[in-house]
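Encoded as structure tokens, the structure appears first; notes follow it.
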Amino acid sequence: RQDVETRQTDIIARQSDITTKQTDITTKHTQVEADRAEVETRQSDIIAIQSDITTKQTDITTKHGEVQSNTTLAGTYKDEAKTYRDEAKNYADTVTGGIVELGNYDASTNTLPAKPTTSAFWKITAAGTLNGISYGVGDSLVYSLSSDTFYKIDNTEAVTSVNGHQGVVSLTYNDVSAHPNTWVPSW
């Protein structure tokens, strides 16, 4: 009998242990279910955040494209503005005479000046040859914007030679095969 009582006590103790473990399992199961619900909530939050990130990335890509397009347009508008500015300047120059005096030029350098942005002219202060054309002191070197060329206006009034004489020339009747001023015709 004692053996049965010991076993009965042992069974009761084991039953109590099982009940305690079952309570622990139930408690842990409840905790696991609460944790699972928390994970599902956080997963939903993560999905919403990922969706928001995707939307914002799309917005950024769209805005980047708009910025690139606007940058290209700005460059185009800048170039057009420069063209219109230059055209306006040329029209203004045309209305005000069309040619701008740029001062003196030393043709002895035998080099044309840089092309200006408008039609212009220089007065030659030292003789020389420019683009194969001889220039004397007093001549004008002209740049034509419309034809994009340089040309010469001969302003030298000096006589280079008369009947073989150069420099300041004083002629006598002998120099030009004429009669002296004292000659009287005999008719």
Among Thr30, Ala81, Val67, pick out the residue whose Cα is farthest towards the positive end of the charge dipole of region 1-142, where Lys and Arg carry +1 and Asp and Glu carry -1 on C-beta, about the Cα centre.
Ala81
Counting only protein heavy atoms and a 1.4 Å probe, tell me what percentage of the chain's accessible area is made up of carbon and sulfur.
55
Sorted by accessible area with a 1.4 angstrom probe, largest first, how do Ser144, Ser44 fall?
Ser44, Ser144
Take the chain, connect every pair of alpha-carbon atoms lying under 10 Å apart with a spring to form a Gaussian network, then pick out the residue of Ala13, Ala37, Ala81 with the largest mean-square fluctuation.
Ala13
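Take the Cβ-Cβ distance between Ser170 and Val137 as r, set R0 to 35 Å, and report the resulting FRET efficiency rounded to the nearest 0.05.
That gives a FRET efficiency of 0.95.
R0 = 45 Å: FRET efficiency of Asp3 with Ala34, Cβ-based, nearest 0.05? Walk me through the numbers on the way to the answer.
Values: r = 46 Å, r/R0 = 1.03.
So, using R0 = 45 Å, E works out to roughly 0.45.
Taking the Cα centre of the chain as origin, sum charge times position over the Cβ atoms of Lys and Arg (+1) and Asp and Glu (-1), and report the length of that vector in debye to the nearest 20.
Numbers: 16 positive and 25 negative charges, 26 e Å.
It comes to approximately 120 debye.
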Using only protein heavy atoms and a 1.4 Å probe, report how much of Lys123 is accessible, in Å² to the nearest 10.
70
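What is the calculated FRET efficiency for Ser186 to Asn163, with r their C-beta to C-beta distance and R₀ = 30 Å, to the nearest 0.05? Intermediate values should be presented prior to the final figure.
On the way: r = 27 Å, r/R0 = 0.90.
Using R0 = 30 Å, I get an efficiency of 0.65.
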Per-selection Kirkwood Rh - region 101-187 (Cα, Å, 1 d.p.)
15.8
Under the 7 Å Cα-to-Cβ spin-label approximation, Tyr151 and Thr20 lie apart by a distance in nanometres of 12.0
How large is the convex hull of the Cα atoms of region 1-113 per residue, expressed in Å³ as a whole number?
223
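May I ask you to compute the full-extension gain from Ala48 to Leu102, defined as 0.36 nm times their residue separation minus their alpha-carbon distance, rounded to one decimal in nm?
Roughly 12.3 nm would be gained on extension.
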Whose amide H sits under 5 Å from the amide H of Ala127, counting only residues 5 or more places off or on another chain, with H placed in the peptide plane?
Val137
Would you work out which of Tyr135, Phe150, Thr118 lies farthest towards the positive end of the dipole of region 38-182, given +1 charges on the beta-carbon of Lys and Arg and -1 on that of Asp and Glu, about the Cα centre?
Tyr135
Rounded to the nearest 10 Å², the accessible area of Arg7 at probe 1.4 Å
150
To test your reading of the geometry: what angle, between 0 and 90 degrees and rounded to tens, separates the Cα axis of helix 2-95 from the longest principal axis of the chain?
10
Separation of region 98-144 and region 1-49 by C-alpha centroid, Å?
107
Highest-fluctuation residue, Asp17, Asp52, Asp106 considered, GNM on the chain with Cα pairs under 10 Å:
Asp17
Helical mean residue ellipticity (222 nm; -39500 (n - 2.57) per DSSP H run of 4+; nearest 500) of the chain
-19500 deg cm²/dmol
Considering only the chain, percent of DSSP beta bridges that pair antiparallel, nearest 5:
70
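The values are calculated or read from the model by the stated rules, or taken from the named source; none is laboratory data. Everything numeric in this text was worked out from a predicted model, so none of it was measured. Don't worry about glycine lacking a Cβ; one is built from the backbone with ideal geometry, like all the others, and counts go over all protein chains shown. Ligands, DNA and RNA are stripped out before the accessible areas are found, and what is left, the full protein with its side chains, is counted by its heavy atoms. Shrake-Rupley method; radii C 1.70, N 1.55, O 1.52, S 1.80 Å.
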